[in-house]
Amino acid sequence: QVQLVESGGGLVQAGGSLRLSCAASGRTFSSYAMGWFRQAPGKEREFVAAISWKGTGTYYVNSVKGRFTISRDNAKNTVYLQMNSLKPEDTAVYYCAKARYSITSTASDFGSWGQGTQVTVSS
């Protein structure tokens, strides 16, 4: 069972940037697609971005396209989410997740989840 640990969250003003990291344990990290989800208070968990196992394919929710970039370093067992031009509506707990198979945006297709990291964007 892989373990995922997110870091990099915090408080930032609107227009600012943050870089989230997700460190994974285990030797099979490079075999699976990875993704980021977020959940704001009172709302359902929402897909944000996903990346294929080689890092050559990426997929984003429309609301973050052009502002967020997902990437991975398989040598470091780490996936990143660079978030630029942050908006108050980006405020949420951000979760890293490992896909069961290939790149996907469906939460039920992810088998392992981190504990989450809080991102708060002030206006």
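With all protein chains in place and a 1.4 Å probe, the accessible surface of the chain carries 47 percent carbon and sulfur.
Average accessible surface for the chain: 52 Å² per residue, computed with a 1.4 Å probe over protein heavy atoms with every protein chain in place. Give me P(r) over region 1-66, computed from all C-alpha to C-alpha distances, binned every 5 Å, as integer percentages. In order of increasing distance, the bins hold 4, 12, 19, 27, 22, 10, 5, 1 percent.
A crude spin-label estimate for the pair T56 and Q118, with each label 7 Å from Cα along the Cβ direction, gives 4.1 nm. Note on Y60: accessible area is roughly 40 Å² with a 1.4 Å probe, heavy atoms of protein only.
Within the full protein context, the accessible area of K54 is estimated at about 130 Å² for a probe radius of 1.4 Å.
Compactness of the chain is given as radius of gyration and Dmax, 13.2, 41 Å, from Cα positions.
Determine the shape class of region 68-114: with a ≥ b ≥ c the square roots of the Cα gyration tensor eigenvalues, call it rounded for a/c under 1.5, and otherwise prolate if a/b is greater than b/c, oblate otherwise.
Working: a/c = 2.20, a/b = 1.36, b/c = 1.62.
It is oblate, given that a/c is not under 1.5 and a/b is not larger than b/c.
Take the Cα of E46, step 7 Å along the line toward its Cβ, and report every residue of region 7-28 whose backbone nitrogen sits under 19 Å from that point. Under cut-off, by backbone N: 9-20. Straight-line reach from K98: taking Cα to Cα under 20 Å and skipping same-chain neighbours fewer than 8 places apart, the lysines in range are K54, K76.
The values are calculated or read from the model by the stated rules, or taken from the named source; none is laboratory data. What you are looking at is a predicted structure, and each value in this text was computed from that prediction instead of being measured. Methodologically, a virtual Cβ is constructed for each residue, glycine included, from the backbone with ideal geometry; neighbour enumeration extends over all protein chains shown. Remember, those area values only see protein heavy atoms, side chains included, never the ligands or the DNA or RNA. Shrake-Rupley method; radii C 1.70, N 1.55, O 1.52, S 1.80 Å.
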